[in-house]
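Notes for the one structure printed next.
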Amino acid sequence: MKKLYVSALIVTMAVFFSYCHSAKKASAATAKTSVTYEVNVQPIIVGNCAPCHFPSKGGNKEALESYASVSKEVDGILRRIQLNPDEKGFMPMRHPKLSDADIAVIKAWKDGGLTEK
């Protein structure tokens with residue numbers, strides 16, 4: 001009987017302390033503040049929006065070649081990349097939907113204040 005109480009106490013303590021861990025909060029806060037256009041967002045834009053939105057590469061759609069243009073259009077970009085491929089306005093047109101991770105990076109960049117560098 002004593003072993004049962006000790007085992008139950010150990011399990012209870014393990015569960016209790018697993019929810020008291022502050023590293024999860026710290027890493028989430030760090031991730032929010034460390035998303036920048038140059039490091040995190042620009043590679044997603046270049047990889048998924050070129051050449052259509054890059055006039056220098058022959059694109060004729062609204063330019064998304066610079067920090068200024070992407071930050072100005074971030075709300076529209078987020079709205080369109082979150083649509084399903086069969087919905088009107090979906091981007092990137094004729095390509096697969098961006099991954100949830102890529103969409104989350106752009107959201108975090110917006111929520112973090114649209115930092116450039």
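Each value in this text was obtained by applying a stated rule to the coordinates, not by laboratory testing. It should be emphasised that the depicted structure is a prediction, and the values quoted were computed from it without experimental measurement. Virtual Cβ from ideal backbone geometry, glycine too; neighbours counted across all protein chains shown.
Between Leu83, Leu78, the distinction of being under 21 Å from Val39 (Cα atoms) and among the aliphatic types (A, V, I, L, M) belongs to Leu78 only.
Screening the range 52-80 for residues that are touching a Phe, Trp or Tyr at 6+ places or on another chain (Cβ under 8 Å), of a type in the set (A, V, I, L, M) and free of Cβ contacts under 8 Å to residues at least 40 places away in the same chain and picking the one that is surrounded by the most Cβ atoms within 10 Å (Cβ to Cβ) gives Val70. Counting residues in the range 97-104 that are within 12 Å of the chain's Cα centre (by Cα), buried (at least 16 other Cβ atoms within 10 Å of the Cβ) and of a type in the set (S, T, N, Q) gives zero.
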